Amino acid sequence: MMIKNMLPVLLIVFLLSSCKEEKKEYVDRIYEKPEIIREASSAFLSPEESMKTFYLPEGYKVELVASEPMVDEPITMAWDGDGRMYVAEMNTYMQDVDGTGTNVPVSRIKLLTDTDGDGKMDKSTVFIDSLMLPRMILPLENELIVNETYSYDLWSYKDTDNDGVADTKERVYYNPDRRGGNLEHQQSGLIWNLDNWVYTTYNPIRFKFTKGKVVVDSLDNMPSGQWGLTQDDMGNMYYSSAGSENPAYGFQQPAVYGDYNPKGRLSEGFMEPWPVVGTPDVQGGPKRLRPDNTLNHFTGVAGQEIFRGHKLPPSTYGDLFIPEPVGRLIRRAKVKVENGKKVLYNAYDEAEFMASTDLNFRPTQAKTGPDGALYIVDMYRGIIQESNWTRKGSSLRPVIIRKELDKNIGKGRIYRIVHEDIKPDVKPELLSKTASELVPFLGHPNGWYRDTAQKLIILKDDASVVSELKEVVIDNASIWDNVFGTDKDLGIQRVHALWTLEGLGVVDKDIIQQKFKDEDPRVRLTAIRLSENFLRSGDTDILNDLETLSTDSSIEVVNQVALSLRYSKDEKATALLQAIGERSQDNEIITHGVTESLKKDDSKLEQLKQRISRRGLGDKKSILRGYDSYNQLCVTCHGSNLKGEAMEDGSLVAPSLIGSPRVMGDDTDLLSKILLNGLIGPVDGVEYGIMMPLNANDDQWIADVLSYARAMNDVGGVHKKVVRNARNNSEDREDYWTLEELENEKK
């Protein structure tokens, strides 16, 4: 059946009205900033009272979607294909200044439904109860995938009798290891990427849900982050890290090609936030405050989102929204491509998209909604930092007690940001549609629809839709002329159709070669990525095509050629990479792609294996385990090269482990104690942030990490007995160590 004959009339009418709406010009005028209150009250406000404290650009407004008691301590959310909202709650998070009872498994996932379509949730059920601080949720077709804190496992929950409560539970991915570290350094994400792989932060692995099973793949040198993971239209993912005070990185290229963060990706002044209220409770203390007591540097960044909705002014599409819960604000960043490099700019001059004077406003997640609006999860609480940062002796603890922030628990709000001149979309109804009926939604103006339709078509695994998808890929202009009018974006639909075919196991060489010549560079780029299967098999025809594309008018297309050629071992591929490099010496993005691809199989892991090739088997195994653990936890502060993660001003988040006298020295007991209890104070004359204790991990885990760090300095490993003895000798200690204490202890 031709696609144009099966389009629902309602969809056509909606899309036409959407296009008419976007022709209007919208004024984006920022609010007048209030006089800064250095010490605002920390008293709880009702949702209605709190909404009066919000500052937004002219024309934007906030609507309440859900609040306590319907939601309690919400941390993240996701929608199924019919627009039902799953909300993960961390019900034991920082219930007092010491974090008492944090690890009691009583957290929940709620299922919220808007039964009358007014945009406000009016029905709530406890979908899953008795969880250990749920961190990641991914709705599939008729199930919810869930991950809990301290675990790598993925569980599938289903509601078979449709009462809003899960009644079946199945583990679909198992890892027997316990995830170490504190709450702030756990994984998050579980995002279904454009390439049909599901990614998380920290873990150097990805998942594919296909044909009723879960496929696991490992990646070397992929980016890692903390709370939050989002993607743009082409599948480039944006990471953030509160620990390294890094609001956005990893977005220059798809994660499969490795971690790459060129200088200048953040514009001058980007790291400086602009709150509208004093920030007394910042972990960095006075050095993180301006004279007016407001936050002077990003610190708690989390839950970022590339907005891809269609029901805010068109200028917001593709912007990055970054919640900063410590500063009680949300940054709107413009993503500009400059000579192939993506650079982030604050959309406003010394102001933020959204800011509040309510000290309990704690935005932890931003999301593009099915209705085309921007959603915000507000954990709405007093303490936002985990207990490792609120210990006795910390700069935070006295502020928390003085402001009574520890009393503010047990609430939470979910908002949506809309524009006064634009009506949000109606609820989606995708779950009951066939694969064929879902194909038109691959061209929907809302990225949420496109992503969800692609995911559902692949999960249905219906081969009968392949011919329709190929029709879209080859020529969708005539099919969609009567739907999108002058505002149509046919290229992005062809991109999704190509990836949907890939998800169904159809990678057609003839179509790919045809799409090498597509008028839209995004489609050409996608075809190049999909040609990698043929490059791996030594196909020389594809190499001839890529030679032509290596001089493409689009920098992004040329860079993709450079990135993809790493998968060919043919001498022509090497020669082609060298030629691209010679022509692109002045372009740092392409130069990086060429350099990395010329390494071919010379990965960091392979280099490490060569480095330790002469060691004993047990030592090798410990170092390789330590390599994995380091890249899941330590990398965000100490860097992938162990030389310290650099901030935009050139300073390091944490000291270098390469050449460190403590790492290289013979006193492995001292090293063990640092990891067990953490470290505070100057290191070699430089003040860094607090190094958190890692004593929640077992002795072998700590020994492995230390062995890896020492192996990278070409010295011997650490046995778990050393760690066990250090743990026993300091078992009564609750405070962080200082280097001065440790050194005096040895005298």
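The values are calculated or read from the model by the stated rules, or taken from the named source; none is laboratory data. As the structure is a computational prediction, the values presented were derived from the model and not from experiment. Positions of Cβ are generated from backbone atoms using ideal geometry, with glycine treated the same way; all protein chains shown enter the neighbour counts.
Residues in the range 417-436 that are out of contact with any Pro (no Cβ under 7 Å at 6 or more places or on another chain), crowded, with 19+ Cβ neighbours inside 10 Å and not in a loop (DSSP other than H, G, I, E, B): 417, 435.
Kindly check whether there is at least one residue in the range 575-589 that is of a type in the set (A, V, I, L, M), within 20 Å of residue 540 (Cα to Cα), in the same structural domain as residue 542 (by TED's automatic domain parsing) and in contact with an Asp or Glu (Cβ under 9 Å, 6 or more places away or on another chain). Among the residues of the range 575-589, at least one is of a type in the set (A, V, I, L, M), within 20 Å of residue 540 (Cα to Cα), in the same structural domain as residue 542 (by TED's automatic domain parsing) and in contact with an Asp or Glu (Cβ under 9 Å, 6 or more places away or on another chain), which makes the answer yes.
Exactly one residue out of 332, 328 is under 12 Å from residue 54 (Cα atoms), touching a Ser or Thr at 6+ places or on another chain (Cβ under 9 Å) and either in the same structural domain as residue 85 (by TED's automatic domain parsing) or of a type outside the set (D, E, K, R) (or both), and it is 328. Residues that are among the small types (Gly, Ala, Ser), buried (at least 23 other Cβ atoms within 10 Å of the Cβ) and in a loop (DSSP other than H, G, I, E, B) within the range 207-242 comprise 224, 225, 228, 242, listed in sequence order.
When the range 671-727 is limited to residues that are of a type in the set (Phe, Trp, Tyr) and surrounded by 21 or more Cβ atoms within 10 Å (Cβ to Cβ), the one that is farthest from residue 282 (Cα to Cα) turns out to be 708.
Would you call residue 204 under 24 Å from residue 560 (Cβ atoms) and surrounded by fewer than 24 Cβ atoms within 10 Å (Cβ to Cβ)? Steps first, answer last, please.
Values: under 24 Å from residue 560 (Cβ atoms): yes; surrounded by fewer than 24 Cβ atoms within 10 Å (Cβ to Cβ): yes.
Considered against the rule, which asks whether it is under 24 Å from residue 560 (Cβ atoms) and surrounded by fewer than 24 Cβ atoms within 10 Å (Cβ to Cβ), residue 204 comes out as yes.
Against the conditions (1) small (Gly, Ala, Ser); (2) part of a loop (DSSP other than H, G, I, E, B); (3) crowded, with 24+ Cβ neighbours inside 10 Å, residue 351 satisfies every one except (3).
With the requirement that a residue be in contact with a His (Cβ under 7 Å, 6 or more places away or on another chain) and not assigned by TED's automatic domain parsing to the domain that holds residue 679, what does the range 598-647 give you?
First, pick out the residues of the range 598-647 that are in contact with a His (Cβ under 7 Å, 6 or more places away or on another chain): 633, 644-645.
Matches in the range 598-647: none.
If we keep just the residues of the range 45-73 that are among the aliphatic types (A, V, I, L, M) and more than 17 Å from residue 28 (Cα to Cα), which is farthest from the chain's Cα centre (by Cα)? Here the residue is 45.
Screening residue 434 with (1) in contact (Cβ under 8 Å) with a residue 60 or more places away in the chain; (2) over 27 Å from the mean Cα position of the chain (by Cα) gives one miss only, at (1). Residues that are within 22 Å of the chain's Cα centre (by Cα), surrounded by 16 or more Cβ atoms within 10 Å (Cβ to Cβ) and acidic (Asp, Glu) do not occur anywhere in the range 659-670.
In the range 728-742, which residue that is of a type outside the set (S, T, N, Q) and touching a residue at least 12 places away in the same chain (Cβ under 8 Å) is surrounded by the most Cβ atoms within 10 Å (Cβ to Cβ)? Write out each step before concluding.
Here is the first cut: in the range 728-742, the residues of a type outside the set (S, T, N, Q) are 731-737, 739-742.
Among the residues that remain, those that are also touching a residue at least 12 places away in the same chain (Cβ under 8 Å) are: 733-737, 739-740, 742.
Values: 733: 14, 734: 10, 735: 14, 736: 20, 737: 22, 739: 16, 740: 10, 742: 18.
Among those that are of a type outside the set (S, T, N, Q) and touching a residue at least 12 places away in the same chain (Cβ under 8 Å), it is 737.
With respect to (1) over 24 Å from residue 200 (Cβ atoms); (2) modelled with pLDDT under 85; (3) in a helix (DSSP H, G or I), the lone exception for residue 622 is condition (2). Of the residues examined, residue 704 is one that is in contact with a helix residue (DSSP H, G or I) (Cβ under 6 Å, 6 or more places away or on another chain), within 16 Å of residue 631 (Cα to Cα), touching a residue at least 24 places away in the same chain (Cβ under 8 Å) and not aliphatic (A, V, I, L, M). Residue 663 meets all of the listed conditions (1) closer than 17 Å to residue 713 by Cβ; (2) assigned to a loop (DSSP other than H, G, I, E, B); (3) touching a residue at least 40 places away in the same chain (Cβ under 8 Å) but one, namely (2).
Any chance the range 256-277 includes a residue that's assigned to a strand (DSSP E or B), under 18 Å from the mean Cα position of the chain (by Cα) and not hydrophobic (A, V, I, L, M, F, W, C)? Within the range 256-277, none of the residues are assigned to a strand (DSSP E or B), under 18 Å from the mean Cα position of the chain (by Cα) and not hydrophobic (A, V, I, L, M, F, W, C). Picking from residues in the range 327-348 that are outside any strand (DSSP E or B) and without any contact (Cβ under 8 Å) to a residue 60 or more places away in the chain, the one that is surrounded by the fewest Cβ atoms within 10 Å (Cβ to Cβ) is 327. Every condition in (1) aromatic (Phe, Trp, Tyr); (2) at pLDDT below 95; (3) touching a Ser or Thr at 6+ places or on another chain (Cβ under 8 Å) is met by residue 389 except one, and the failing one is (3). Taken together, the residues in the range 509-544 that are at pLDDT below 95 and acidic (Asp, Glu) amount to 2. The residues of the range 569-588 that are closer than 30 Å to residue 343 by Cβ and not in a helix (DSSP H, G or I), listed by number, are 584, 585, 586, 587. None of 53, 92, 100, 76 is of a type in the set (Ser, Thr, Tyr) and either at pLDDT below 95 or surrounded by fewer than 16 Cβ atoms within 10 Å (Cβ to Cβ) (or both) except 100.
Across the range 103-130, the number of residues qualifying as buried (at least 20 other Cβ atoms within 10 Å of the Cβ) and assigned to a loop (DSSP other than H, G, I, E, B) comes to 1.
Mind checking which residues of the range 151-169 are at positive phi and surrounded by fewer than 16 Cβ atoms within 10 Å (Cβ to Cβ)? Working first, answer last.
Taking the range 151-169 first, the residues at positive phi are 162, 164.
162 - this is the single residue of the range 151-169 that is at positive phi and surrounded by fewer than 16 Cβ atoms within 10 Å (Cβ to Cβ).
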